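What follows is one structure encoded as structure tokens, with my remarks underneath.
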Amino acid sequence: MDLNRRAFIKAIVGAGCGFAARSLASTLEPVTRDLKEASRNMQPGTVIFRSVNGTPAENLTKVIDLMGGIEKLIGSDDIILIKPNIQWWNQGAPNLAALKTFVDLIMERPGGFKGEVVLAENCHRGPRPWESTSSGWAHDFEINSDLSNVSNYNELTRIIKDKHKVRFSARHLIDVGAGNKRVYGPPGGTGYVYCDGSNGVPRITCENGEKDSNYRATIMTYPMIKTDKGTTVDFKNGVWEKGSYTSQPLRLINLSALNYHSTFCGMTSSIKNYMGISDLSGGSDPQKGGRLIKDYHNFHSFSFDGSSPGPVPGMLGAAIGTFMKTVRKADLNITTAEWIGLSSRTDPPVAQTRAVLASTDPVALDYHSAKYLLFPNSSLSIHNPDNPQGPLYPYLARCAESTGGFLDEKGVEVKSYDFKMKAFQKNEELVISSPIHWGTNPKAILKYLALRYWKGR
């Protein structure tokens, strides 16, 4: 329940005013003007599709309709990999009803569907993530399910499996450091491929351009998956059968939530969701390991120093942009923003923005989501996508530089349908500002206030 003004003040006073402001300090350097200009791709054609003020199922269905219908997006024989982010629960994961609706649309597409849908996620929660109550697989949702008697992703996938049988699989991608194995191609079975140039695997790296102690490099990693139907899926190269790759189409759907992340990263949504594809063995801190193999960092320790900025701003976007360019880029990015977290991925304060958005361009989608949904509700400087000195803009810009994505609204068209008005929205109506649900946890409220009045970049 929301706090009224008196209860709000009482909660803050009761919690005390002591927090370590220095823990919120940022050492991000400004992004250069050259990078800012280089991030602007002026080739026209990017469209963001939105639906607002319907139920999650209605909004998801409407967005797909605006794109021409599911039969235009998905072929009858496709293998569909859906990548959600389930490291967290509540607003920290995609809305459960929206995901179920999307799977049902695929399975029931006009003209039939003979392919498979695979829900694949690495939430980096150890060797048995489906048992982890620190993830959205096993932790119950208080909000953001919108399905009767469905409280988490374990329950959701069981329901989908019961309905669609062998055509649906749920796959937990486990880091090599948590007990998975390293493989070099489909003959090695399931596991992770490390692109370090050994055993016939290409060497695909991303470097931060620094020298001496600030120099870092990472390599691309990707999974080998086997479905319940026995289909072998090479995430990079496609479907493998009887010793060779087939022509069966493989589609990747990037299905994300929209939330606060941290003072050093800013926001979690479409781009950052790729970290749940990559192997993050070695941990997040380069000073405490952080290595995949030899001198190669994982994506997190390449970009950041644990829970602090790394030596070069925006390297998360550079690494993920390299992945999109050399391994696989999603065919479609969908953001379910029924609820958005203003200063946490699981706790209030939250805003119910009641939206679903989609685009083939994850940079344009993340920029739009930050500018028109997250920043207007949080009012946190770390969520301002137009601030080159903040944590969000640099990684959007680096990703745009690598992929040709749009960081300039002049090249983006928005088609947004409003269920409440039963009409399409005009450009001046795109900002979604919702009442804040504060919750009753004084520490959570203080955290938001600390971020709200934080004077860092």
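Coordinate-derived values only; no laboratory data. Everything numeric here is computed off the predicted structure, so don't read it as measured data. FYI the Cβ positions are ideal-geometry reconstructions off the backbone, even for glycines, and counts take in every protein chain you see.
Do any trypsin sites (Lys or Arg not before Pro) in region 96-154 lie in a loop, going by DSSP, with at most 15 other beta-carbon atoms within 10 Å of their beta carbon, and if so which?
On the way: sites: Lys100, Lys114, Arg125; in loops: Lys114, Arg125.
Here the sparse-neighbourhood loop sites are Lys114.
Is region 239-390 rounded, prolate or oblate when judged by the Cα gyration tensor, a ≥ b ≥ c being the square roots of its eigenvalues, rounded requiring a/c under 1.5 and prolate requiring a/b larger than b/c?
Because a/c hits 1.5 or more and a/b fails to exceed b/c, region 239-390 counts as oblate.
Would you work out the charge dipole size for region 28-452 about its Cα centre, treating the Cβ of every Lys and Arg as +1 and the Cβ of every Asp and Glu as -1, and quote it to the nearest 20 debye?
520
Which of Met275, Met224 has the fewest other C-beta atoms within 10 Å, and how do the rest follow up to the most?
The order, fewest Cβ neighbours first, is Met275, Met224.
Cα centroid distance between region 243-261 and region 191-228, in Å?
19
Determine the relative contact order of the chain: mean sequence separation of Cα pairs under 8 Å and six or more apart, normalised by residue count, in whole percent.
Working: 1072 pairs, mean separation 104.5, N = 457.
Once divided by the residue count of the chain, the mean separation gives 23 percent.
Hey, how many Å between the Cα centroid of region 328-356 and the Cα centroid of region 125-144?
17
Expressed as a whole percent, how much of the Cα-Cα distance distribution for region 28-452 exceeds 27 Å?
The proportion of pairs with Cα distances above 27 Å equals 49 percent.
Helix-only estimate, please: 222 nm mean residue ellipticity of the chain, summing -39500 (n - 2.57) across DSSP H runs of length 4 or more and dividing by its residues, to the nearest 500.
After summing the helix terms and dividing by residue count, I get -6500 deg cm²/dmol.
Classify region 207-284 as rounded, prolate or oblate from the Cα gyration tensor: take a ≥ b ≥ c as the square roots of its eigenvalues, call it rounded if a/c is under 1.5, otherwise prolate when a/b beats b/c and oblate if not.
Oblate shape, in that a/c is at least 1.5 and b/c is the bigger or equal ratio.
Tally the DSSP beta bridges in region 28-452 and give the antiparallel ones as a percent, rounded to 5.
Here the share of antiparallel DSSP bridges comes out near 55 percent.
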